[in-house]
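Presented below is the structure to which this report refers.
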Amino acid sequence: MKRFYVTTPIYYVNAEPHIGHAYTTIVSDVLNRFHKLLGYRTFFLTGTDEHGDKIVQAAQEAGMDPKSYADHISALFRETWPKLDIANDCFIRTTDPGHMRVVQHILQKVHDSGDIYFSTYKGLYCVGCERFYTERELVDGKCPDHDREPVEREEANYFFRMSKYQDWLIGHIESNPHFIRPERYRNEVLSFLKEPLEDLCISRPRERLDWGIPLPFDDRYVTYVWFDALINYVSAIGYPDGPLFREFWPCVQHIIAKDILKPHGIYWPTMIRAAGFEPYQSLNVHGYWKINEGKMSKSKGAVVRPLDLVPRYGLDAFRYFLMREMVFGLDANFSEEALVQRINSDLANDLGNLFSRTLAMTARYFGGRIPPFGSEAEAMDRELEAHARQALQTAMEEIPRLGFHKALISIWECINAANKYIDHAAPWNLAKDPACEERLRTVIRCALEANRTVALLIAPFMPSTARKMLERLGGAKPMDAYRLDEDAVWGSLPDGTPVSKGEALFPRIEQAVKEKEKGEISAKPPEVEGVTIESFQKIDLRVGVVKEAEKIPKSNKLLRLVVDMGEERQVVAGIGRHYAPEELVGKQVVLVANLQPAKLMGVESHGMVLAAHDGKALRIVSPEEPVSPGARVS
Ligand code: ME8
């Protein structure tokens with residue numbers, strides 16, 4: 001059986017979980033779930049990094065001792081992940097006795113082999129980074145991360161002979177193109193390695209810092225926090241001879257952001273080499289989330305906490321947004337407007353609409369049971385199947401190489417193709433003619449199959465939506481039992497299985513408050529004087545079928561519709577915030593047919609579409625059952 005092991009960085013316990021931590025951990029969760037769907041045996045590790053100066057300082061500021069403080073923040077991380085549907089197998093803390101033992105074991109081993117030596121070092125030390133800097137690493141004499149001048153410090157310490165492994169590391173990176181990816185970060189490490197590598201100071205005198213793992217060969221010192229933290233990736237799985245270590249090492253994918261490239265790209269592989277085991281398989285490096293185009297900053301209040309967003313926007317919407325919006329490797333921007341936009345367009349209009357209309361038609365035309373295919377497939381059916389196959393293939397290629405946004409784009413191409421397919425096949429017309437029963441079966445079945453493929457492909461990204469979709473599509477299996485190769489095969493839905501419609505997957509997020517402020521929405525009905533029946537009868541109300549619908553450029557609200565009401569009419573309707581154009585095609589609407597023509601944003605309108613509006617939602621008025629176009633409403 002194939003193995004897959006994924007890790008996040010272990011987060012410092014000096015800050016609460018924010019969107020950056022959530023992103024890395026969700027990426028890892030998506031990869032883990034995806035490999036499970038492929039039938040791999042998987043292991044997913046996250047945790048917290050709890051030793052060192054930084055934590056002592058943060059604890060002091062909070063008026064707590066380091067251990068109680070670490071317990072508190074570590075618990076916040078541990079409790080956040082299940083709330084984001086993150087299913088890690090293990091949560092490691094660097095204060096766990098098991099981890100501390102492994103760190104000491106590796107230190108002893110490397111010391112015994114002669115790669116750790118004692119020496120005096122005088123240099124420029126940055127307290128924030130907990131390390132010495134060389135002159136050339138400083139920017140204008142200051143630490144590039146903390147923008148502070150380092151202090152001069154002389155210390156006798158232990159050093160790891162990292163320089164000894166420089167040539168080996170260059171060779172290893174050059175002969176393994178996927179060792180560090182994307183390529184820009186591989187190049188960054190290689191270019192760093194063009195300069196001679198210095199040995200790494202791996203100890204801190206206890207008189208200065210007591211909060212750390214004592215060196216096994218000299219207890220006047222504790223271990224430098226990075227030499228301690230990186231070892232979590234193997235201590236958590238039972239290095240050196242535990243069954244999980246034997247099973248999962250070295251097929252590990254480390255996921256990190258660019259801030260910690262150097263410790264992971266240089267310290268860690270050389271430490272591994274010195275300790276005498278196989279290097280990790282890949283280091284995967286992503287960019288930074290910015291908030292409204294700026295750096296995330298606690299002092300400026302620009303920190304996005306996932307648990308603030310999820311109750312407002314929904315968990316799967318949040319996960320989808322992060323995975324769709326960031327190109328892995330590049331920076332991305334977070335804004336609530338962009339999140340709302342994605343929810344309303346991709347999730348409510350595209351995916352939600354496809355799913356609800358498919359199930360509604362299955363209920364209406366086939367009593368809620370999956371119809372068998374008719375005997376012959378038409379070109380449009382094969383085209384939809386090809387879209388589903390393409391989405392599957394793209395996901396299989398792109399997800400393992402971190403092209404999450406590309407996989408999602410391809411899945412959404414399939415969703416949009418399925419919506420168009422329904423518009424063109426117009427099942428509501430087929431349903432009128434008994435001679436078209438077989439064709440109607442094929443059309444609804446193809447739409448159901450597309451929904452099923454989509455449900456499976458979004459499962460790693462949006463696990464609870466996928467579960468809901470598969471259940472309503474009649475799936476009887478627990479989620480863990482699904483396999484992409486068997487279940488995403490076109491035609492694999494069982495004939496006759498009952499499906500259930502349920503509520504909307506993604507309700508639209510109405511920006512009602514803002515709109516109200518603009519005076520565009522008023523829940524209060526206009527005051528009208530009584531009208532006589534004669535006056536009312538002067539209004540010519542007619543039923544029509546929407547044939548075409550499109551946005552009017554530069555308007556958020558206006559749509560141009562072509563409505564068939566016996567004759568075709570062009571109508572401009574102010575419903576664009578509540579309906580996507582594709583949603584309307586094929587729908588029956590009620591028109592005020594004898595309204596004087598008017599021009600809106602330069603487009604002529606010959607009528608008005610009736611809609612009900614309660615201040616929050618707006619829904620068009622439609623006859624309960626389809627009637628002939630042009631039918632009079634009275
Ligand atoms: O560095 N955008 O912990 P840390 C995207 N303890 N990701 C971000 C981010 C942002 N704006 N900010 C943080 C440490 N991250 C060490 C790691 S590992 C052996 C030790 C994420 O709490 C991203 O994954 O500072 C980044 O690499 C990590 O949080 C840094 O977490």
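The values are calculated or read from the model by the stated rules, or taken from the named source; none is laboratory data. A quick note: this is a predicted structure, and the numbers were derived from the prediction, not measured. Here Cβ is always computed from backbone atoms with ideal geometry, including for glycine, and neighbour counts include all displayed protein chains. Side chains included, ligands, DNA and RNA excluded: accessible areas come from the protein's heavy atoms. Shrake-Rupley method; radii C 1.70, N 1.55, O 1.52, S 1.80 Å.
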_Ordering of 403-413, 274-284 by burial proxy (mean other Cβ atoms within 10 Å per residue, highest first)_ = 403-413, 274-284
_Cβ-placed point charges (K, R +1; D, E -1), dipole of region 533-620 about Cα centre in debye, nearest 20_ = 360 debye
*At a Cα cut-off below 12 Å, give the aspartates and glutamates reachable from Lys557, other chains included and same-chain residues fewer than 8 away excluded.*
Glu515, Glu520
*For Glu397 paired with Ala360, estimate the spin-label separation in nm (one decimal), with each label point 7 Å from Cα along the Cα-to-Cβ line.*
3.6 nm
*Between the helical axis of 353-366 and the dominant principal axis of the chain, each derived from Cα atoms, what acute angle in degrees is found, rounded to the nearest 10?*
50 degrees
*Selection from Leu448, Ala15, Leu190, by position along the positive dipole direction of the chain (Cβ)*: Leu448
*Output the lone cysteines of the chain: those with no second cysteine's C-beta under 4.7 Å from their C-beta.*
Cys90, Cys201, Cys251, Cys414, Cys436, Cys446
*Given the convex hull of the Cα atoms of region 3-286, what is a quarter of its surface area in nm²?*
14.6 nm²
*asked:* Is there a quick way to get the dipole size of region 333-487? I mean about its Cα centre, with the Cβ of Lys and Arg at +1 and of Asp and Glu at -1; what is the value in debye to the nearest 20?
replied: 420 debye
*When DSSP beta bridges are limited to those with both residues in the chain, what percentage is antiparallel, rounded to the nearest 5?*
65 percent
*Net charge dipole size for the chain [Lys, Arg +1 and Asp, Glu -1 on Cβ; Debye, nearest 20]*: 720 debye
_If each residue of separation counts as 0.36 nm, what is the full-extension length gain between Glu378 and His613 once their alpha-carbon separation is subtracted?_
80.5 nm
*Excluding residues fewer than 8 places away in the same chain, name every one of the aspartates and glutamates whose C-alpha is closer than 14 Å to that of Lys2.*
Glu247
_Highest-first arrangement of 377-390, 40-53, where packing means the average Cβ count within 10 Å_ = 40-53, 377-390
*By how many degrees, between 0 and 90 and to the nearest 10, does the Cα long axis of helix 97-112 differ from the longest principal axis of the chain?*
50 degrees
*Dipole of the chain [Lys/Arg +1, Asp/Glu -1 at C-beta], most positive-end residue of Pro150, Leu215, Gly475*: Gly475
*Of all accessible surface on the chain at a 1.4 Å probe, what whole percent is carbon and sulfur?*
50 percent
*When Lys and Arg each count +1 and Asp and Glu each count -1, what net charge do the other residues less than 10 Å away from Phe43, Cβ to Cβ, add up to?*
0
*Where the centre of each part is set by its Cα atoms, how far does region 580-595 sit from region 425-493, in angstrom?*
28 Å
*Could you name the aspartates and glutamates in cross-link range of Lys432, using Cα to Cα under 19 Å and dropping any fewer than eight places away on the same chain?*
Asp423, Asp564, Glu624, Glu625
_Give me Rg/Rg_expected for region 391-516, where Rg uses Cα atoms only and Rg_expected = 2.2 N^0.38 Å with N residues._
1.20
*asked:* If I stretch the segment between Leu595 and Gln537 completely, what's the gain in nm (0.36 nm per residue apart, minus their alpha carbon distance), one decimal?
replied: 19.6 nm
*What is the distance, in nm, between label points placed 7 Å from the Cα along the Cα-to-Cβ direction at Glu198 and at Glu337?*
4.6 nm
*Using the Kirkwood radius built from alpha carbon pairs, what does the Stokes-Einstein equation give as D for region 11-154 at 20 °C and 1.002 mPa s, in µm² per second?*
118 µm²/s
_Net length gained if the chain between Asp485 and Glu207 were fully extended (0.36 nm per residue, minus Cα distance)_ = 94.2 nm
*Kindly flag which residue pairs out of Lys420/Lys551; Lys420/Lys587; Lys194/Lys262; Lys551/Lys587; Lys36/Lys501 have an alpha-carbon separation exceeding 18 Å in this structure.*
Lys36/Lys501
*Solvent-free Debye scattering, log10 I(q)/I(0), computed from the Cα coordinates of region 533-620 at q = 0.20 Å⁻¹*: -0.92
*Would you mind checking the tilt of helix 66-83 against the longest principal axis of the Cα atoms of the chain, expressed as 0 to 90 degrees and rounded to 10?*
30 degrees
_I'd like the distance between the alpha-carbon centres of region 259-314 and region 130-148, rounded to an integer number of Å._
21 Å
*In whole Å, what three semi-axes, largest first, describe the equivalent ellipsoid of region 270-423 built from its Cα gyration tensor (square root of 5 times each eigenvalue)?*
38, 24, 13
*asked:* 7 Å from Cα along Cα→Cβ at both Asp140 and Glu503: what's the point-to-point distance in nm?
replied: 5.5 nm
*So, counting K/R as plus one and D/E as minus one, what does the shell of residues with Cβ under 15 Å around Pro306 add up to?*
-3
*asked:* What is the ratio of the Cα radius of gyration of the chain to 2.2 N^0.38 Å, with N the residue count, to two decimals?
replied: 1.19
*If you keep only loop residues by DSSP, which trypsin sites (Lys or Arg not before Pro) in region 270-369 have at most 13 other Cβ atoms within 10 Å of their Cβ?*
Lys295, Lys298, Lys300
_Probe 1.4 Å, accessible area per residue of the chain, Å²_ = 45 Å²
_Less than 10 Å Cβ to Cβ from Ala229, Lys/Arg counted +1 and Asp/Glu -1: what total charge do the surrounding residues give?_
-3
*Per DSSP H run of at least 4 residues, take -39500 (n - 2.57); add these up for the chain, divide by its residues and hand me the 222 nm value, nearest 500 deg cm²/dmol.*
-11500 deg cm²/dmol
